Every structure is written in structure tokens, then in C-alpha cells.
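The values are calculated or read from the model by the stated rules, or taken from the named source; none is laboratory data. The shown structure was predicted, so the numbers you read here are calculated from the model rather than taken from an experiment. Positions of Cβ are backbone-derived with ideal geometry, glycine not excepted, and every protein chain shown enters the neighbour counts. With ligands, DNA and RNA removed, areas are computed over all heavy atoms of the protein, side chains included. Shrake-Rupley method; radii C 1.70, N 1.55, O 1.52, S 1.80 Å.
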Amino acid sequence: MINRTAFVTGASRGIGLACAQALAAAGCRVVLAARDTAKLEEASAAIPGSSWVRIDLASSDSIEDAFRNAGKVDILVNNAGITRDGLAMRMKKEAWEEVLATNLTGSFLAIQKVLPGMVKERWGRIINVSSIVGQAGNPGQANYVASKAGLIGLTKSLAQELGSRNITVNAVAPGFIETDMTGSLPQELKDSMLGRIPLKRFGKAEEVAAAVRFLASEEAAYISGHVLNVSGGMYM
Ligand code: NAP
């Protein structure tokens, strides 16, 4: 992926950082984006040829600023995401809106920023990090699941809109991956999850990054509108 620039959101840690590392190892110039600038600076220093920019996906002004100086982006990985779990009956509107704004609207606005350049180049890769719960549903996560299901709908619609411009749009749907997001979950819940995973272990951020790197590559040129589950068989 020489001469390609990849913009990865949520690259300060977890799956996004692993994606940035994998894409850089494949030859991309990588732009790491998230809110925590200290973490970004540290991560970028360890990735040759990379740079970083602050972005808050919940703010359209911040998205505007972040892409203003990003230059041409060939590969966009919409990975940043948050959870604000709770039962729907008691869920505050703020918790609903914050999750939808960050996970779904932020991804859409980022896509809008990179599309003019991709259309002009007649080459582009958009990879949205969804989740298996976006397909299966999950009690206590109505907001998160709606955002992740929304990303799948967005992926499929854009794949149809943009195919004629040689831009592919795909989603990666992780299962249970060991990161900060899952680190604080109660052990009881983790044990019951493990029982539902045919491969009998949790996934690693690098294993999701490998799928993202593949979808960004030339080898994946004829794959678009696909949802690639990286879940150890937890959802099929
Ligand atoms: P994580 O460790 O919590 O990392 C989340 C990343 O998103 C961080 O880099 C964070 O950076 C960034 N982020 C959060 N809010 C942001 C905002 N408003 N603007 C910009 N960046 C923001 O989570 P992860 O496990 O790596 O998850 C990455 C993606 O995979 C998420 O979309 C998640 O929903 C999805 N996923 C994860 C799992 C799993 O089991 N871990 C399963 C399915 C799907 P800052 O805090 O520095 O902004």
C-alpha cells in the first residue's frame, strides 16, 4: 500500500491503534486521530512515517478542523466508538445521542470529508468498524447497537453509491476483543461470553486490524458492501 494515506479514527489505543500499526507496516502513511493528544503523540512516535491529529467525532467543528490539513486520504478507517450502556426504559436521551453522534454521525461526517478526494482519484477504501451486536442485537445496549447497525446500513448504501467511482465500502464486525472497552466488564459476564465463542478465547486488536488491512489492500478490490465478522465464530 505504498503511496496511500490512511486516516484512522480512535487510533490512540485498542483496535484503532492496532489498525494504524498494521496499515503502516503495509506501507501506508498513517494519520492517527482521536481526542487524547498525549496518547496520539506517543503512539505516532512509535509508528514510522505517521502523523496525528486531534479529532472529536461528536463535534462537526472538530471533524472539519481535523480534515482541513489531512491532505488526500485514500483509506478511511472509521473505528472510534463509545458505549453508554443501560436499559432502554431508563436510558437518558443524552446517552442515546452521545453514542449515535460519535459512532454513527461522526463516521458519516468523516466519510463526507474524504469523498471528494477519493472520487477525484477514482480510488478509495472506506472501512467502518461495526460490531456483531449490530447484527444480533444486545440487551442493555440499544444506543450502541443502533449505531453499529446504522453503520452497516451506511456501508451497504455507500457501497452502491460509490462503486462506479472505484471506491469500496466495507464493515468489520468484531466480537469480543480484549481492549479498554471490554476490560472493565464483570468477570461473570466475560465467562458467559466465552462459553458462546466457538474458538474459546477472546480476540486480539491485531486480529481485527488484519481484517481491516486486508479490506484496505489491492487484493480486496472486488469486495464491497461486505460485513466481515471477526468474532471467533461468536456470531455467524
Ligand atoms: P477503546 O479501547 O475504548 O478505544 C476507543 C477509541 O475511540 C479510542 O482511541 C478513543 O480515543 C476513541 N474515541 C472515543 N470517543 C471518541 C471521540 N468522540 N472522538 C474521537 N475518538 C474517540 O475501544 P476498542 O475496543 O478499541 O474499540 C474500537 C472500535 O471497535 C469501536 O468502534 C468499538 O465499538 C468497536 N468494537 C469493539 C469491540 C471490543 O470487543 N473491544 C467489539 C465490537 C466492536 P480517545 O479517548 O483518545 O478519544
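Once the Cα atoms are used to define both axes, helix 142-162 deviates from the longest principal axis of the chain by about 30 degrees. Charge dipole of the range 184-236 (Cα centre as origin; +1 on each Lys and Arg Cβ, -1 on each Asp and Glu Cβ, all else neutral): 200 debye, rounded to the nearest 20.
Over all other residues within a Cβ to Cβ distance under 14 Å of GLU41, the charged ones net out to +2, with Lys and Arg as +1 and Asp and Glu as -1. To put it simply, the accessible area of the range 5-230 at a 1.4 Å probe is 52 percent carbon and sulfur. When ligands, DNA and RNA are left out and all protein chains stay put, how many square angstrom of accessible area per residue does the chain have with a 1.4 Å probe? About 48 Å² of surface per residue is accessible. Report, in degrees rounded to the nearest 10, the 0 to 90 angle that the Cα long axis of helix 14-25 makes with the longest principal axis of the chain. The two axes meet at around 30 degrees.
Give me D for the chain in µm² s⁻¹, whole number, from Stokes-Einstein with Rh from the Kirkwood sum over alpha-carbon pairs, 10 °C and 1.306 mPa s. Answer, rounded: 90 µm²/s. Averaging the sequence gap over all C-alpha pairs within less than 8 Å and six or more residues apart, then dividing by the number of residues, gives the chain a relative contact order of 20 percent. Spin-label pair GLU218-ASP85: with each label point 7 Å from Cα along the Cα-Cβ axis, the two points sit 4.4 nm from one another.
Build a GNM of the chain with springs between Cα atoms under 10 Å apart, and of ASP65, ASP74, ASP56 the one that fluctuates most is ASP65. Please find, in a Gaussian network model of the chain (springs between Cα atoms separated by less than 10 Å), the residue of GLU64, GLU188, GLU178 whose mean-square fluctuation is greatest. Largest GNM mean-square fluctuation: GLU188. Taking other residues whose beta carbon is less than 15 angstrom from the beta carbon of ARG13, and scoring Lys, Arg as +1 and Asp, Glu as -1, yields -2. Seen from a random direction on average, the alpha-carbon convex hull of the range 102-228 projects onto 8.3 square nanometres. Over the residues of the chain, the helix contribution to mean residue ellipticity at 222 nm works out to -13000 deg cm²/dmol, using -39500 (n - 2.57) for each DSSP H run of at least 4.
On the basis of the beta-carbon distance and an R0 of 25 Å, ALA45 and ASN69 show a calculated FRET efficiency of 0.85. Cα convex hull, the range 1-83: 80 Å³ per residue, rounded to a whole number.
Look at the alpha carbon pairs under 8 Å that are at least 6 residues apart: their mean separation over the length of the range 122-233 gives a relative contact order of 35 percent. Largest accessible area first, the listed residues LEU115, LEU40 line up as LEU115, LEU40 when surface is computed with a 1.4 Å probe on the assembled protein chains. If R0 is 22 Å, the Cβ-Cβ spacing of LEU199 and ASN138 corresponds to a FRET efficiency of close to 0.65.
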